[in-house]
Structure formats: C-alpha cells, structure tokens
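S.K.: The structure under discussion is supplied below as structure tokens; questions concerning it will follow.
The values are calculated or read from the model by the stated rules, or taken from the named source; none is laboratory data. On a predicted model such as this, the values are computed, not experimentally measured, just so you know. All Cβ positions, glycine included, derive from the backbone under ideal geometry; neighbour counts span all protein chains shown.
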Amino acid sequence: MLLQVSNLTTDLPTREGYFRAVDGVSFSVQAGEVYGLLGESGCGKSVTALSLMRLLGPRARASGQVVLEGEDLLQLSEAEMRAARGARIALIPQSPFTALDPAHRIGDQVSEAIRVHDGAAGARRRGLLRCEDRRSVVWRRAVELLAGVGITEPEEAAEHYPHEFSGGMCQRAVIATALAGSPRMLIADEPTTALDVTVQRGIVRLLDRLRRELGLAIVVISHDFALLAEFSDRAAVLYAGHVVERASTETLLRSPLHPYTQALLACVPDLDGQVAPTPIPGNVPPRYDRLAGCRFSERCPHARAECRGEVPKLRTVGPEHSVRCILYDAVE
Amino acid sequence: MDKTVVSAPAPTLWRDLLRHRAVGLALVVVALFILCAAAAPLLAPHDPAHLDLDRRLQPPAWAGGEWSYPLGCDQVGRDLLSRIIYGARTSILLGVVIVLLTLVVGVALGSIAGYAGSVVDIVLSRIVDVLLAFPFLVFALGMMAVLGPGLLNLILVLAFKGWVDFYRVARAEVMSLKAQEFVEAARALGLSGTRIVISEILPNMLPAVTVLAALCMATIIIAEASLSFLGLGIQPPTPSWGMMINEGRPYILTAWWISTFPGLAIAMLVVAINILGEGLRDALDPRLKETS
C-alpha cells in the first residue's frame with residue numbers, strides 16, 4: 001500500500017470548542033490507483049484531504065495514522081512535513097482560478113514549484129552552472145511540465161498570467177505545479193467542479209493518463225458519482241465525518257447498500273429519461289459530531305428507533321465491501 | 001483540448017497609465033517638478049538666497065516687473081522663481097525620504113502582524129491605535145515644538161506618524177491574501193512561511209502599497225509646507241514653499257505674488273501626485289486591465 005489512512009480523526013477549532021469534522025476515517029490507496037472520496041459538501045471530504053497534507057493550521061488536531069510509503073505523516077516535524085509536501089504528496093486545490101497567484105506568470109509559478117524541492121539537492125548538483133543557466137534549466141523543465149499536462153504551445157503559455165487563461169488551462173497549469181516535485185501521491189479536491197462539462201472530461205482524461213504513465217496514486221474528492229464512475233477504482237462514501245460505505249466503484253454503482261449511497265446515486269440524472277433524479281431531502285447537519293447514533297438517520301427513508309441509539313459499526317459485507325448501517329447487521 | 005483564449009502581449013505599465021489624458025498631464029507635471037528638484041542649480045536664474053533690496057516687492061514681469069525676474073521678488077528682493085525651484089528640491093527630497101522610510105517600516109511590520117496574527121498582531125495594532133488617536137498635524141506640531149525645528153527632526157516626526165498607514169494597508173492585505181487559495185496551494189507545494197510572504201503575498205500587495213505611497217507623498221508635502229508655514233519645519237535660508245507663503249502673508253494685499261506662486265506650486269504638485277496615484281491604481285490592478 002502506498003497510502004494507508006487508519007482511524008483518522010480531525011478536530012477543528014470553533015468558537016464553541018472543538019468540532020470533530022472527521023471521525024475515524026480509514027482507507028488505503030495502492031500505487032497507480034485512483035481512490036474516490038464521495039459525499040455532499042460539508043461532510044468532511046476536504047477536511048480529510050487537508051488533514052492528510054497537514055494544512056489545517058496549528059490549532060486543528062488530527063489523530064490516527066496517515067502512513068505514506070511506510071512513514072506516518074502525522075508524526076513528522078513541521079520541517080519534515082514541509083519537505084514532504086509537493087515532493088511526496090501534492091494537492092490540486094478546488095478552484096483553478098484562485099489556486100494560481102495572479103501576480104506571477106504561469107511559467108514562473110511552475111518554476112518556483114520546481115525550485116522548492118530541487119533547491120537543496122539540485123543547487124549543489126548544478127553548483128557549477130551560472131545563475132542564468134540554472135534559471136533557464138528550470139524554465140525549460142517548467143515548459144516540459146506544461147506540455148506534459150496537455151497545454152498547447154507551452155513556451156508561449158508559460159509567459160502568460162493566470163487571468164489570461166481559461167478555466168481548463170488554469171487547471172492544467174495547477175496540475176503542472178503539483179507535479180513539479182514529482183510526487184507519488186496526488187490529492188485532487190473536486191478537480192472538475194469549477195469547470196465546464198466539456199472541459200471536465202479533458203481533465204479526467206489527463207489525470208487518468210498521469211496515473212498510467214507516472215504510476216501516480218490519486219485520491220479524488222468529489223460529490224459527483226458520475227465522475228468517480230468514470231475513472232476511480234475504489235471509493236469510500238463519507239457522510240458527516242464517517243465512512244458509511246467502502247467498496248470498489250463498480251460495486252458502489254451496481255449494488256450500493258447504505259441508504260446514503262443509494263440516495264447519492266439517485267441524484268445522478270439518468271440520460272434515458274426513465275427515472276427522474278431524486279434529491280436527498282435536507283442538508284448535512286452543521287455540528288454533526290453532536291448527533292447520537294447513525295448520523296444519516298434524520299434524512300434516511302429507512303430510519304428506525306434503534307438508529308438513534310448507538311453509532312452503527314462499519315461491517316464487512318463482502319469482498320472489499322463494508323457498510324455502516326444497522327440494516328445489514330442481521331446479515332452476519 | 002482547451003486553447004489559450006487571450007493571446008494579447010502583456011500590456012506595459014506605461015500604456016495603461018497613459019490611457020487617461022489627466023494621468024499623462026499629471027505625469028508631466030510631476031516629472032517637471034522632479035526635474036526642477038534634481039537640476040535646481042542649473043535651472044534657477046538667480047541665487048535663491050541672494051538679497052537685493054532694490055528689487056524689494058518687485059511684481060511679476062507681466063505686471064510691471066522685469067523679464068529676468070519673471071515671477072517677481074519677495075519682501076527682501078529674492079527671485080521668486082529661483083526660490084520655488086529650490087523649494088521643489090526640499091519638498092520632493094523630504095517626501096521621497098519619508099515615504100521610503102515609512103513604506104519599509106510599515107510594510108514590514110504590517111506583514112509580520114498580518115501573517116503571524118495572535119499576540120504579535122495584538123501588540124502592534126494597539127500601538128498603531130494609540131498613534132492613530134492623535135490628529136496628524138496636531139501630533140506633528142507638538143512633537144516639533146518639543147524636539148525643536150530642523151530637517152532631521154522634521155523627518156523623524158513625519159515618519160513616526162506616517163508608517164501607520166502602510167502598516168494598516170499591509171496588514172489588511174496580508175490577512176486577506178493569506179486566506180487565498182493560491183497561498184494554500186503554495187503551502188501544499190512545501191513553501192515556507194517567509195518564502196510565501198516574499199514571493200506570493202508581497203507582489204500581490206504592491207498595487208495597494210504603490211497607490212498609498214503616492215497619496216502619502218502628497219500628504220507629506222502638505223504637512224511639511226504646513227509646519228514650515230508655522231515656522232516649525234525647514235529653517236531659513238533653505239527655501240521651502242510653506243515658509244515662503246508665510247513670509248508673503250503680511251504683504252498679501254499689496255504684493256500678492258509672494259504667497260500665491262508657492263501656493264500654486266504646492267497645489268499643482270499635490271494634485272498631480274494624487275491623479276498619478278489613482279492612475280497607478282487603475283494600471284496596476286490586473287483585474288481592471290482590459291485585455292482587448
């Protein structure tokens with residue numbers, strides 16, 4: 001396993017004490033695999049992603065284990081973690097427009113990302129090179145990276161500022177900066193949400209190609225079942241900080257067990273027009289860590305009195321398939 | 001495959017700046033004053049300190065004076081034009097020195113407070129609040145009265161109060177910029193805090209700081225003139241516009257030119273700097289740039 005997340009629990013500081021946004025999340029990702037984290041907004045997906053990178057600021061508390069290539073990221077010092085970010089595990093943030101600094105050219109931003117990790121070792125190795133030579137070496141590498149993410153005419157594009165780019169181009173540039181430190185592991189936080197549908201497909205293909213060519217493992221965070229269906233191998237469904245179901249994407253699509261997974265699937269429009277998409281009533285409750293029992297019970301069509309008692313256990317119901325719902329407790 | 005949408009060459013600052021005629025004019029005026037300041041000994045027709053009691057209160061050339069003294073002479077017969085040209089030197093030199101000083105101090109402290117937050121921010125911001133509680137001119141007057149007039153004291157007093165504006169703008173900019181996603185993205189790439197401030201945050205607050213620098217320059221020129229008018233700033237024989245206005249005050253009904261021309265010089269320079277400041281703001285803001 002390249003990444004093994006076990007029992008990840010994250011508390012975020014709020015005015016009324018700590019809020020347990022992520023509660024005992026576990027999953028694992030193999031090299032070259034695309035793993036999906038699925039759920040509505042406000043259910044803890046992004047907090048999970050930021051916890052993996054330890055980007056939630058000094059006041060947030062994360063416990064559990066995030067083992068990347070045999071090393072627990074949560075145990076690293078801040079300096080060691082900084083060295084790991086970008087070089088071993090990189091993030092593609094949600095919005096491509098705001099993820100790029102408006103004050104610098106695209107090429108300079110990719111160059112900076114290269115220099116951050118190349119800096120220590122690379123400068124010594126290239127110690128003989130003069131300053132301008134090193135700059136042009138880095139610049140050439142930046143152009144290569146831009147070409148690698150499917151930007152046409154990368155030499156010219158590198159000279160441009162982000163506001164001169166379209167959303168899809170920005171997203172490709174963001175991916176290029178994420179790849180600059182040659183990480184093995186990529187976290188893509190809603191990589192296509194801010195984009196046009198036509199462009200989304202291009203980005204999905206790009207990520208899929210990078211996975212195959214570079215052997216990258218990718219954690220894709222999304223609320224879109226259709227996107228995950230397209231290229232993720234396995235996925236975990238998150239609701240209110242809990243993993244409610246975990247299986248291969250195919251299983252989740254064919255035979256979802258948890259009522260929440262079923263409800264999410266019912267939200268996907270059916271092109272045949274046979275079944276109208278059904279929205280899930282209600283919202284993710286804001287302070288969900290205070291709820292007793294199953295956190296989905298308020299919105300669940302199958303809810304019973306027992307649901308509000310204890311939090312159901314995550315039960316294995318099949319090969320690589322677990323679900324957290326009392327409906328399946330009898331199956332054992 | 002999605003293509004580049006806009007392929008306009010990066011527009012230069014100058015072209016953006018000169019889009020409006022007023023800004024172009026302001027630029028010319030400011031450049032002219034800077035030229036006066038830089039080349040005062042070459043441009044001034046006479047020694048600004050040379051007294052000539054025969055020419056006492058001599059009116060401007062077109063009002064009955066001589067063309068060798070185009071703007072007339074003051075109450076002790078010194079050439080007004082020469083004194084105004086030398087006065088530009090005082091005003092601009094003082095303005096530039098003070099703005100640079102306050103900019104460096106204010107931006108540095110403001111960035112530290114904005115990025116570090118918590119205790120550092122609270123302590124610095126309270127100090128700033130105390131300074132802000134005093135009206136600028138009253139504070140400067142009081143300080144000058146205590147320290148005594150003189151160039152160094154003038155710089156110290158104006159700078160002591162001036163950095164507060166840069167502090168507030170820098171702090172606010174850093175606080176809003178550090179919440180931006182590209183800063184988080186930079187952290188996700190493994191950049192350190194110092195490096196993020198230098199390469200991501202400072203370039204983005206440059207437009208705001210530049211505009212503020214222009215506006216501060218105007219304020220400082222006025223403050224210097226005010227203090228010199230009251231006799232607490234620049235001391236004779238160094239020519240200063242504020243001092244010249246004061247010297248002409250008793251003669252305002254009989255020899256209007258003594259106070260009027262330095263006053264015009266102040267007004268022109270300050271208005272030009274302000275227009276230039278606004279032009280800079282529009283030109284530097286990448287979001288206001290028309291890409292057509």
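S.K.: Which residues, counting only those in the stretch B:186-200, are over 17 Å from A:Ala49 (Cβ atoms) and either assigned to a loop (DSSP other than H, G, I, E, B) or of a type in the set (Val, Ile, Thr) (or both)? Steps first, please.
M.R.: We begin by selecting, within the stretch B:186-200, every residue over 17 Å from A:Ala49 (Cβ atoms); these are B:191-200.
Of everything in the stretch B:186-200, those that are over 17 Å from A:Ala49 (Cβ atoms) and either assigned to a loop (DSSP other than H, G, I, E, B) or of a type in the set (Val, Ile, Thr) (or both) turn out to be B:Leu191, B:Ser192, B:Thr194, B:Ile196, B:Val197, B:Ile198.
S.K.: Next question, about the same structure. Can you give me the number of residues within the stretch A:93-108 that are within 22 Å of the chain's Cα centre (by Cα), surrounded by 24 or more Cβ atoms within 10 Å (Cβ to Cβ) and more than 7 Å from chain B (Cβ to nearest Cβ)?
M.R.: First, pick out the residues of the stretch A:93-108 that are within 22 Å of the chain's Cα centre (by Cα): A:93-101.
From what's left, surrounded by 24 or more Cβ atoms within 10 Å (Cβ to Cβ): A:93, A:96, A:99-101.
Right, trim to more than 7 Å from chain B (Cβ to nearest Cβ) and you get A:96.
Result for the stretch A:93-108: 1.
S.K.: When you check B:Trp62 against the structure, is it out of contact with any Leu (no Cβ under 9 Å at 6 or more places or on another chain), assigned to a helix (DSSP H, G or I), over 26 Å from B:Ala283 (Cα atoms) and of a type in the set (A, V, I, L, M, F, W, C), yes or no? Don't jump to the end; show me each part of the working.
M.R.: Numbers: out of contact with any Leu (no Cβ under 9 Å at 6 or more places or on another chain): yes; assigned to a helix (DSSP H, G or I): yes; over 26 Å from B:Ala283 (Cα atoms): yes; of a type in the set (A, V, I, L, M, F, W, C): yes.
Answer is yes for this residue.
S.K.: Output the number of the condition that A:Leu327 fails; it satisfies all remaining conditions of (1) surrounded by fewer than 19 Cβ atoms within 10 Å (Cβ to Cβ); (2) more than 26 Å from the chain's Cα centre (by Cα); (3) free of Cβ contacts under 8 Å to residues at least 60 places away in the same chain.
M.R.: Evaluating A:Leu327 over (1) surrounded by fewer than 19 Cβ atoms within 10 Å (Cβ to Cβ); (2) more than 26 Å from the chain's Cα centre (by Cα); (3) free of Cβ contacts under 8 Å to residues at least 60 places away in the same chain leaves (3) as the failure.
S.K.: What strands (runs of 3 or more DSSP E) lie completely within the stretch A:1-101 and have 2 or more residues being charged (D, E, K, R)? Show your work before the answer.
M.R.: Working: elements: A:3-14, A:17-29, A:34-38, A:61-68, A:89-92.
Output list reads A:17-29.
S.K.: Can you name every residue in the stretch A:109-125 that is modelled with pLDDT under 80 and at the interface with chain B (Cβ under 9 Å from one of its Cβ atoms)?
M.R.: Step one: list which residues in the stretch A:109-125 are modelled with pLDDT under 80, which gives A:117-125.
Scanning the stretch A:109-125 gives a single hit, A:His117.
S.K.: With respect to the numbered conditions (1) part of a helix (DSSP H, G or I); (2) more than 9 Å from chain A (Cβ to nearest Cβ); (3) in contact (Cβ under 8 Å) with a residue 40 or more places away in the chain, which one is the sole condition not fulfilled by B:Ser176?
M.R.: Against the list (1) part of a helix (DSSP H, G or I); (2) more than 9 Å from chain A (Cβ to nearest Cβ); (3) in contact (Cβ under 8 Å) with a residue 40 or more places away in the chain, B:Ser176 comes up short only on (3).
S.K.: While we're looking at this one, here's another question. Being in contact with a helix residue (DSSP H, G or I) (Cβ under 6 Å, 6 or more places away or on another chain) and of a type outside the set (Val, Ile, Thr) is the filter here; which residues of the stretch B:192-219 pass it?
M.R.: Matches in the stretch B:192-219: B:Glu200, B:Asn204, B:Met205, B:Pro207, B:Ala208, B:Leu212, B:Ala213, B:Ala214, B:Leu215, B:Cys216, B:Met217, B:Ala218.
S.K.: Specify which of the listed residues (B:Val169, B:Val183) is closer than 30 Å to A:Ile187 by Cα and part of a helix (DSSP H, G or I). Break it down into steps so the answer makes sense when it comes.
M.R.: Details: B:Val169 fails: closer than 30 Å to A:Ile187 by Cα.
Exactly one of B:Val169, B:Val183 is closer than 30 Å to A:Ile187 by Cα and part of a helix (DSSP H, G or I), namely B:Val183.
S.K.: Taking the stated definitions as given, is A:Asp208 over 20 Å from B:Glu184 (Cβ atoms) and either at pLDDT 90 or above or more than 11 Å from every other protein chain (Cβ to nearest Cβ) (or both)?
M.R.: Details: over 20 Å from B:Glu184 (Cβ atoms): yes; either at pLDDT 90 or above or more than 11 Å from every other protein chain (Cβ to nearest Cβ) (or both): yes.
When the stated conditions are applied, A:Asp208 passes them.
S.K.: Based on this model, can you work out whether B:Ala145 counts as more than 10 Å from chain A (Cβ to nearest Cβ), under 15 Å from the mean Cα position of the chain (by Cα) and in contact (Cβ under 8 Å) with a residue 12 or more places away in the chain? So that I can check it myself, show each step before the final result.
M.R.: Numbers: more than 10 Å from chain A (Cβ to nearest Cβ): yes; under 15 Å from the mean Cα position of the chain (by Cα): no; in contact (Cβ under 8 Å) with a residue 12 or more places away in the chain: yes.
No: the conditions fail for B:Ala145.
S.K.: May I pose another question? Do we find that A:Leu227 is surrounded by 21 or more Cβ atoms within 10 Å (Cβ to Cβ) and modelled with pLDDT under 85 in this structure? Please lay out each step first, then the result.
M.R.: Details: surrounded by 21 or more Cβ atoms within 10 Å (Cβ to Cβ): yes; modelled with pLDDT under 85: yes.
So A:Leu227 passes the test.
S.K.: For the stretch A:55-80, which residues satisfy the criterion of being buried (at least 17 other Cβ atoms within 10 Å of the Cβ), over 11 Å from A:Val22 (Cβ atoms) and modelled with pLDDT under 90?
M.R.: A:Leu55
S.K.: Could I ask something else about it? Among (1) at pLDDT below 85; (2) over 22 Å from the mean Cα position of the chain (by Cα), which single condition is B:Lys161 missing?
M.R.: Status for B:Lys161: all satisfied but (2).
Residue-wise test of (1) without any contact (Cβ under 8 Å) to a residue 24 or more places away in the chain; (2) under 13 Å from B:Gly87 (Cβ atoms); (3) in a helix (DSSP H, G or I); (4) not charged (D, E, K, R).
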site	(1), (2), (3), (4)
B:Leu227	no, no, yes, yes
B:Gln235	no, no, no, yes
B:Met244	no, yes, yes, yes
B:Arg249	yes, no, yes, no
B:Thr254	no, no, no, yes
B:Thr260	yes, no, yes, yes
B:Ala265	no, yes, yes, yes
B:Ala272	no, no, yes, yes
B:Ile275	no, no, yes, yes
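S.K.: Could you please find all residues in the stretch A:158-167 being at the interface with chain B (Cβ under 9 Å from one of its Cβ atoms) and either surrounded by 24 or more Cβ atoms within 10 Å (Cβ to Cβ) or among the acidic types (Asp, Glu) (or both)? Give the derivation first.
M.R.: Residues of the stretch A:158-167 at the interface with chain B (Cβ under 9 Å from one of its Cβ atoms): A:159-167.
Across the stretch A:158-167, the qualifying residues are A:Glu159, A:Glu164.
S.K.: Since A:Ser46 meets every condition but one in (1) within 14 Å of chain B (Cβ to nearest Cβ); (2) at pLDDT 90 or above; (3) out of contact with any helix residue (DSSP H, G or I) (no Cβ under 7 Å at 6 or more places or on another chain), which condition does it not meet?
M.R.: (2)
S.K.: Answer yes if at least one residue in the stretch B:71-92 is in contact (Cβ under 8 Å) with a residue 12 or more places away in the chain, within 30 Å of B:Ile201 (Cα to Cα) and buried (at least 18 other Cβ atoms within 10 Å of the Cβ), and no otherwise. Show your work before the answer.
M.R.: Pass one, the stretch B:71-92, residues in contact (Cβ under 8 Å) with a residue 12 or more places away in the chain: B:71-92.
Next cut, within 30 Å of B:Ile201 (Cα to Cα) only: B:92.
Still in the running and buried (at least 18 other Cβ atoms within 10 Å of the Cβ): B:92.
Yes, the stretch B:71-92 has at least one match.
S.K.: Going by the conditions given, is A:Ile218 within 13 Å of chain B (Cβ to nearest Cβ), crowded, with 21+ Cβ neighbours inside 10 Å and either over 25 Å from A:Arg85 (Cβ atoms) or of a type outside the set (Lys, Arg) (or both)? Spell out how you get there, then give the answer.
M.R.: Working: within 13 Å of chain B (Cβ to nearest Cβ): no; crowded, with 21+ Cβ neighbours inside 10 Å: yes; either over 25 Å from A:Arg85 (Cβ atoms) or of a type outside the set (Lys, Arg) (or both): yes.
When the stated conditions are applied, A:Ile218 does not pass them.
S.K.: Continuing with this model, one more query. Select from the stretch B:190-212 the residues that are within 12 Å of the chain's Cα centre (by Cα) and crowded, with 20+ Cβ neighbours inside 10 Å and write down the one among them that is farthest from the other protein chains (Cβ to nearest Cβ). Reasoning before the result, please.
M.R.: Step one: list which residues in the stretch B:190-212 are within 12 Å of the chain's Cα centre (by Cα), which gives B:210-212.
From what's left, crowded, with 20+ Cβ neighbours inside 10 Å: B:211-212.
Values: B:Val211: 15, B:Leu212: 17 Å.
Per the criteria, the residue is B:Leu212.
S.K.: Taking the stretch A:230-286, which residues are part of a loop (DSSP other than H, G, I, E, B) and under 19 Å from the mean Cα position of the chain (by Cα)?
M.R.: A:Ser232, A:Asp233, A:Ala240, A:Gly241
S.K.: In the stretch A:171-193, what residues are of a type in the set (A, V, I, L, M, F, W, C) and facing another protein chain (nearest Cβ under 10 Å)? Break it down into steps so the answer makes sense when it comes.
M.R.: Within the stretch A:171-193, the subset of a type in the set (A, V, I, L, M, F, W, C) is A:173-176, A:178-180, A:185-188.
Across the stretch A:171-193, the qualifying residues are A:Val174, A:Ala178, A:Ala180, A:Ile187.
S.K.: Count, please, the residues in the stretch B:24-82 that happen to be over 23 Å from the mean Cα position of the chain (by Cα) and of a type in the set (Val, Ile, Thr).
M.R.: 1
S.K.: Within the stretch B:114-160, how many residues are in a helix (DSSP H, G or I) and either among the hydrophobic types (A, V, I, L, M, F, W, C) or in contact with a Phe, Trp or Tyr (Cβ under 6 Å, 6 or more places away or on another chain) (or both)? Reasoning before the result, please.
M.R.: Here is the first cut: in the stretch B:114-160, the ones in a helix (DSSP H, G or I) are B:114-116, B:118-132, B:136-147, B:151-160.
Then drop every residue that is not either among the hydrophobic types (A, V, I, L, M, F, W, C) or in contact with a Phe, Trp or Tyr (Cβ under 6 Å, 6 or more places away or on another chain) (or both), which leaves B:116, B:119-120, B:122-124, B:127-128, B:130-132, B:136-141, B:143-147, B:151-152, B:154-160.
The number of residues fulfilling the criteria is 31.
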